[in-house]
1. Report in % the part of the accessible area of the stretch 77-212 that belongs to carbon and sulfur, leaving out ligands and nucleic acids; probe 1.4 Å.
2. Provide the per residue accessible area, probe 1.4 Å, for the chain, rounded to a whole number of square angstrom.
3. Which residues make up the longest stretch of the chain that has no trypsin sites (Lys or Arg not before Pro) in a DSSP loop with at most 11 other Cβ atoms within 10 Å?
4. Structure shown: which of LYS27/LYS66; LYS34/LYS113; LYS51/LYS247; LYS82/LYS255; LYS51/LYS127; LYS51/LYS156 lie over 26 Å apart, alpha-carbon to alpha-carbon?
5. Tell me the mean residue ellipticity at 222 nm calculated for the chain from its helices only (DSSP H runs of n ≥ 4, each -39500 (n - 2.57), averaged over every residue, nearest 500).
6. Just want to confirm a number: the relative contact order over the chain, from Cα pairs under 8 angstrom separated by 6+ residues, in percent.
7. Divide the volume of the convex hull of the Cα atoms of the stretch 80-192 by its number of residues and quote the answer in cubic angstrom per residue.
8. So how many Å³ per residue does the convex hull of the Cα atoms of the stretch 170-272 work out to?
Amino acid sequence: AVVSTQSGHYGRDRRRREGKTDYFARKRLIVQNKNKYNTPKYRLIVRFSNKIITAQVAYATIEGDKVVCDARSTELPRFGVKVGLTNYASSYAVGLLLARRLNQKYGLDETYKGVEAVTGEDYYIEKEGERGAFYCVLDTGLARTSSGARIFGVLKGAVDGGLDIPHSNKRFPGCNAEGEYDAAAHRSRIMGSHISTYMSSLMDDDEDSYKRQFSQYISHGIMPDMIEDMYTKAHAAIRADPSPTPKKVLKDGYKPKSYKRQRMSLQQRKGRVAQQKAAFLALH
(Lines give C-alpha, C1' and ligand atoms only; values in the text may rest on other atoms or scores of the structure.)
Protein backbone atom coordinates (compact mmCIF):
# COMPACT_ATOMS: atom_id res chain seq x y z
CA ALA A 1 0.00 0.00 0.00
CA VAL A 2 1.22 3.48 -0.88
CA VAL A 3 1.40 5.87 2.07
CA SER A 4 0.53 9.44 1.17
CA THR A 5 3.05 11.85 2.63
CA GLN A 6 0.67 14.74 1.91
CA SER A 7 -1.73 13.68 4.64
CA GLY A 8 -1.56 15.78 7.78
CA HIS A 9 -1.76 12.63 9.92
CA TYR A 10 1.41 11.05 8.52
CA GLY A 11 3.77 13.40 10.33
CA ARG A 12 1.98 13.26 13.68
CA ASP A 13 3.30 11.29 16.65
CA ARG A 14 6.32 9.84 14.90
CA ARG A 15 7.75 8.72 18.24
CA ARG A 16 4.50 6.89 18.96
CA ARG A 17 4.90 4.86 15.77
CA GLU A 18 8.49 4.13 16.76
CA GLY A 19 7.33 3.00 20.20
CA LYS A 20 9.49 5.57 22.00
CA THR A 21 6.99 7.95 23.65
CA ASP A 22 3.80 7.44 25.62
CA TYR A 23 1.89 10.55 24.58
CA PHE A 24 -0.99 9.84 26.97
CA ALA A 25 1.48 10.20 29.87
CA ARG A 26 3.56 12.95 28.26
CA LYS A 27 0.57 15.26 27.83
CA ARG A 28 -0.18 15.06 31.55
CA LEU A 29 3.44 15.62 32.48
CA ILE A 30 4.07 18.74 30.38
CA VAL A 31 0.73 20.64 30.30
CA GLN A 32 1.03 23.70 32.51
CA ASN A 33 -1.78 25.68 34.17
CA LYS A 34 -2.84 28.65 32.06
CA ASN A 35 -2.59 31.04 35.01
CA LYS A 36 1.12 30.21 35.30
CA TYR A 37 1.71 31.62 31.81
CA ASN A 38 5.12 30.57 30.49
CA THR A 39 6.48 29.03 33.71
CA PRO A 40 8.47 25.89 32.84
CA LYS A 41 7.19 22.58 34.18
CA TYR A 42 10.32 20.62 35.07
CA ARG A 43 10.59 16.82 34.76
CA LEU A 44 13.17 14.42 36.16
CA ILE A 45 13.68 12.18 33.12
CA VAL A 46 15.28 8.80 33.86
CA ARG A 47 16.24 6.36 31.11
CA PHE A 48 18.13 3.04 31.26
CA SER A 49 20.09 1.33 28.50
CA ASN A 50 22.10 -1.88 28.77
CA LYS A 51 25.22 0.03 29.81
CA ILE A 52 24.22 3.55 30.87
CA ILE A 53 21.83 5.29 33.24
CA THR A 54 20.85 8.78 32.06
CA ALA A 55 19.09 11.30 34.31
CA GLN A 56 18.07 14.76 33.11
CA VAL A 57 15.97 17.66 34.31
CA ALA A 58 14.14 19.22 31.36
CA TYR A 59 11.07 21.24 30.43
CA ALA A 60 8.93 21.20 27.30
CA THR A 61 8.63 23.99 24.73
CA ILE A 62 6.90 24.16 21.37
CA GLU A 63 10.29 23.65 19.68
CA GLY A 64 11.10 20.62 21.82
CA ASP A 65 12.40 19.74 25.28
CA LYS A 66 15.14 21.92 26.80
CA VAL A 67 17.58 20.14 29.13
CA VAL A 68 18.55 22.07 32.26
CA CYS A 69 20.91 19.54 33.86
CA ASP A 70 22.27 16.11 32.97
CA ALA A 71 24.03 13.28 34.81
CA ARG A 72 25.08 9.83 33.59
CA SER A 73 26.48 6.69 35.13
CA THR A 74 29.53 6.98 32.82
CA GLU A 75 30.65 9.84 35.11
CA LEU A 76 30.75 7.62 38.22
CA PRO A 77 34.31 6.31 37.65
CA ARG A 78 35.47 9.89 38.35
CA PHE A 79 33.97 9.49 41.85
CA GLY A 80 35.44 6.03 42.49
CA VAL A 81 32.70 3.70 41.15
CA LYS A 82 34.29 1.91 38.21
CA VAL A 83 32.08 -1.19 38.02
CA GLY A 84 28.38 -2.04 38.16
CA LEU A 85 27.30 1.17 36.47
CA THR A 86 23.67 0.08 35.96
CA ASN A 87 22.79 -1.48 39.33
CA TYR A 88 20.53 -0.01 42.04
CA ALA A 89 23.41 1.50 44.03
CA SER A 90 24.71 3.29 40.94
CA SER A 91 21.17 4.48 40.18
CA TYR A 92 21.07 6.21 43.56
CA ALA A 93 24.50 7.74 42.93
CA VAL A 94 23.36 9.13 39.54
CA GLY A 95 20.27 10.68 41.16
CA LEU A 96 22.42 12.22 43.90
CA LEU A 97 24.88 13.58 41.33
CA LEU A 98 22.09 15.17 39.30
CA ALA A 99 20.51 16.80 42.37
CA ARG A 100 23.75 18.23 43.73
CA ARG A 101 24.80 19.49 40.28
CA LEU A 102 21.42 21.15 39.70
CA ASN A 103 21.38 22.79 43.13
CA GLN A 104 24.93 24.02 42.58
CA LYS A 105 23.89 25.54 39.23
CA TYR A 106 21.09 27.56 40.85
CA GLY A 107 22.95 28.41 44.05
CA LEU A 108 20.80 26.16 46.25
CA ASP A 109 23.49 23.65 47.24
CA GLU A 110 24.21 25.28 50.62
CA THR A 111 20.53 25.81 51.51
CA TYR A 112 19.21 22.37 50.54
CA LYS A 113 21.83 19.75 51.35
CA GLY A 114 19.40 16.85 51.62
CA VAL A 115 20.40 13.68 53.49
CA GLU A 116 24.16 13.69 53.93
CA ALA A 117 24.37 10.18 55.51
CA VAL A 118 22.34 7.50 53.76
CA THR A 119 19.67 6.06 56.07
CA GLY A 120 16.93 4.94 53.69
CA GLU A 121 14.38 6.83 55.79
CA ASP A 122 11.61 8.89 54.19
CA TYR A 123 12.76 12.42 53.43
CA TYR A 124 10.69 15.34 52.15
CA ILE A 125 12.10 18.80 51.46
CA GLU A 126 10.80 21.74 53.47
CA LYS A 127 11.24 25.36 52.42
CA GLU A 128 14.14 27.18 54.05
CA GLY A 129 14.61 30.92 53.67
CA GLU A 130 13.25 32.97 50.78
CA ARG A 131 13.86 30.45 47.97
CA GLY A 132 12.08 27.13 47.80
CA ALA A 133 13.71 23.85 46.75
CA PHE A 134 13.85 22.97 43.06
CA TYR A 135 10.57 21.23 42.18
CA CYS A 136 10.17 18.63 39.43
CA VAL A 137 8.15 15.48 38.72
CA LEU A 138 9.40 12.01 37.80
CA ASP A 139 9.18 11.00 34.13
CA THR A 140 9.63 7.23 33.80
CA GLY A 141 8.96 7.00 30.06
CA LEU A 142 8.00 3.48 28.98
CA ALA A 143 9.74 1.75 31.90
CA ARG A 144 7.66 -0.51 34.13
CA THR A 145 7.26 1.06 37.55
CA SER A 146 7.39 -2.20 39.48
CA SER A 147 8.30 -2.24 43.17
CA GLY A 148 12.04 -2.00 43.77
CA ALA A 149 12.82 -0.91 40.20
CA ARG A 150 16.13 0.89 39.68
CA ILE A 151 14.30 3.96 38.42
CA PHE A 152 13.21 4.59 42.02
CA GLY A 153 16.87 4.44 43.06
CA VAL A 154 17.48 7.53 40.91
CA LEU A 155 14.40 9.15 42.46
CA LYS A 156 15.63 8.46 46.00
CA GLY A 157 19.09 9.78 45.18
CA ALA A 158 17.63 12.99 43.74
CA VAL A 159 15.39 13.50 46.79
CA ASP A 160 18.26 12.85 49.21
CA GLY A 161 20.32 15.29 47.14
CA GLY A 162 17.91 18.14 47.84
CA LEU A 163 15.28 18.14 45.07
CA ASP A 164 11.56 18.48 45.77
CA ILE A 165 9.90 15.55 43.97
CA PRO A 166 6.43 14.30 44.94
CA HIS A 167 6.63 10.60 45.82
CA SER A 168 5.81 7.92 48.38
CA ASN A 169 7.76 4.92 49.67
CA LYS A 170 5.35 2.30 48.27
CA ARG A 171 7.62 1.39 45.33
CA PHE A 172 10.94 1.53 47.18
CA PRO A 173 12.79 -1.70 48.05
CA GLY A 174 11.87 -2.62 51.61
CA CYS A 175 8.15 -1.87 51.30
CA ASN A 176 5.97 -5.00 51.58
CA ALA A 177 2.44 -5.75 50.31
CA GLU A 178 0.89 -4.44 53.55
CA GLY A 179 2.53 -1.03 52.98
CA GLU A 180 5.08 -1.41 55.80
CA TYR A 181 8.38 0.25 54.90
CA ASP A 182 11.75 -1.09 56.08
CA ALA A 183 14.27 1.75 55.71
CA ALA A 184 17.21 -0.49 56.67
CA ALA A 185 16.43 -2.83 53.76
CA HIS A 186 16.36 0.12 51.39
CA ARG A 187 19.64 1.45 52.75
CA SER A 188 21.33 -1.92 52.22
CA ARG A 189 20.20 -1.85 48.59
CA ILE A 190 21.50 1.72 48.13
CA MET A 191 24.88 0.74 49.57
CA GLY A 192 25.17 -2.38 47.38
CA SER A 193 24.84 -5.00 50.14
CA HIS A 194 22.81 -7.27 47.82
CA ILE A 195 25.77 -7.29 45.40
CA SER A 196 28.33 -8.17 48.07
CA THR A 197 26.07 -10.93 49.43
CA TYR A 198 25.67 -12.46 45.97
CA MET A 199 29.42 -12.18 45.31
CA SER A 200 30.22 -13.99 48.57
CA SER A 201 27.73 -16.78 47.84
CA LEU A 202 29.15 -17.32 44.35
CA MET A 203 32.71 -17.35 45.64
CA ASP A 204 31.79 -20.20 47.99
CA ASP A 205 29.44 -22.18 45.73
CA ASP A 206 30.58 -21.68 42.13
CA GLU A 207 33.97 -20.10 41.56
CA ASP A 208 33.75 -20.36 37.76
CA SER A 209 30.49 -18.40 37.71
CA TYR A 210 31.99 -15.86 40.10
CA LYS A 211 34.99 -15.27 37.80
CA ARG A 212 32.71 -14.96 34.78
CA GLN A 213 30.03 -12.69 36.27
CA PHE A 214 32.31 -10.47 38.36
CA SER A 215 35.36 -10.33 36.07
CA GLN A 216 35.41 -6.51 36.12
CA TYR A 217 35.24 -6.44 39.92
CA ILE A 218 38.16 -8.90 40.06
CA SER A 219 40.24 -6.89 37.54
CA HIS A 220 39.74 -3.73 39.64
CA GLY A 221 40.55 -5.60 42.85
CA ILE A 222 37.11 -5.07 44.41
CA MET A 223 36.11 -7.66 47.00
CA PRO A 224 32.63 -8.11 48.56
CA ASP A 225 33.56 -6.35 51.81
CA MET A 226 34.78 -3.26 49.90
CA ILE A 227 31.56 -2.38 48.07
CA GLU A 228 29.76 -0.41 50.79
CA ASP A 229 32.88 1.63 51.49
CA MET A 230 33.23 2.32 47.74
CA TYR A 231 29.74 3.82 47.54
CA THR A 232 30.15 5.76 50.80
CA LYS A 233 33.27 7.44 49.40
CA ALA A 234 31.50 8.07 46.07
CA HIS A 235 28.61 9.86 47.81
CA ALA A 236 31.07 12.05 49.69
CA ALA A 237 33.01 12.83 46.51
CA ILE A 238 29.81 13.75 44.65
CA ARG A 239 28.81 16.16 47.42
CA ALA A 240 32.31 17.68 47.48
CA ASP A 241 32.34 18.52 43.76
CA PRO A 242 29.35 17.58 41.58
CA SER A 243 30.35 19.87 38.69
CA PRO A 244 30.65 18.24 35.24
CA THR A 245 34.01 17.51 33.66
CA PRO A 246 35.22 20.73 31.97
CA LYS A 247 35.28 20.63 28.20
CA LYS A 248 38.66 20.53 26.49
CA VAL A 249 39.82 23.93 25.25
CA LEU A 250 40.85 23.67 21.60
CA LYS A 251 44.02 25.42 20.45
CA ASP A 252 43.82 28.39 18.13
CA GLY A 253 43.74 27.28 14.50
CA TYR A 254 42.77 23.71 15.43
CA LYS A 255 41.25 21.73 12.58
CA PRO A 256 39.72 18.29 13.11
CA LYS A 257 41.42 15.46 11.28
CA SER A 258 39.77 14.80 7.94
CA TYR A 259 39.58 11.32 6.42
CA LYS A 260 38.25 12.53 3.06
CA ARG A 261 40.34 12.18 -0.06
CA GLN A 262 42.08 15.47 -0.78
CA ARG A 263 41.03 17.38 -3.87
CA MET A 264 43.47 16.91 -6.80
CA SER A 265 44.74 19.77 -8.92
CA LEU A 266 44.10 19.95 -12.68
CA GLN A 267 47.63 18.77 -13.41
CA GLN A 268 47.21 15.77 -11.09
CA ARG A 269 43.89 14.83 -12.70
CA LYS A 270 45.41 14.94 -16.19
CA GLY A 271 48.35 12.82 -15.04
CA ARG A 272 45.94 10.27 -13.50
CA VAL A 273 43.99 10.01 -16.78
CA ALA A 274 47.24 9.55 -18.72
CA GLN A 275 48.29 6.73 -16.36
CA GLN A 276 44.91 4.99 -16.76
CA LYS A 277 45.16 5.26 -20.57
CA ALA A 278 48.68 3.85 -20.57
CA ALA A 279 47.66 0.95 -18.31
CA PHE A 280 44.65 0.17 -20.52
CA LEU A 281 46.72 0.24 -23.76
CA ALA A 282 49.38 -1.98 -22.18
CA LEU A 283 46.75 -4.65 -21.47
CA HIS A 284 45.30 -4.47 -25.00
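1. Numbers: 2900 of 6520 Å².
So the carbon and sulfur contribution to the accessible surface is 44 percent.
2. Details: 18710 Å² over 284 residues.
The answer is 66 Å² per residue.
3. Details: sites that count: ARG12, LYS20, LYS51, LYS127, ARG144, LYS170, LYS247, LYS248, LYS251, LYS257, LYS260, ARG261, ARG263.
After excluding every exposed loop site, the longest remaining stretch is 171-246.
4. Numbers: LYS27/LYS66 16 Å; LYS34/LYS113 33 Å; LYS51/LYS247 23 Å; LYS82/LYS255 33 Å; LYS51/LYS127 37 Å; LYS51/LYS156 21 Å.
Beyond 26 Å between Cα atoms: LYS34/LYS113; LYS82/LYS255; LYS51/LYS127.
5. Values: 10 runs with 105 residues, N = 284.
Helix-only estimate at 222 nm: -11000 deg cm²/dmol.
6. Numbers: 365 pairs, mean separation 48.5, N = 284.
Reported as a whole number, the value is 17 percent.
7. On the way: hull volume 12.3 nm³, N = 113.
It comes to 109 Å³ per residue, whole-number rounded.
8. On the way: hull volume 30.8 nm³, N = 103.
Per residue, the Cα convex hull of the stretch 170-272 comes to 299 Å³.
The values are calculated or read from the model by the stated rules, or taken from the named source; none is laboratory data. These numbers were taken from a predicted model, which means no experiment stands behind them. No Cβ is skipped: glycine too gets one built from the backbone with ideal geometry, and neighbour counts run over all protein chains shown. Note: accessible area is taken over every heavy atom of the protein model, side chains too, but ligands, DNA and RNA are not part of it. Shrake-Rupley method; radii C 1.70, N 1.55, O 1.52, S 1.80 Å.
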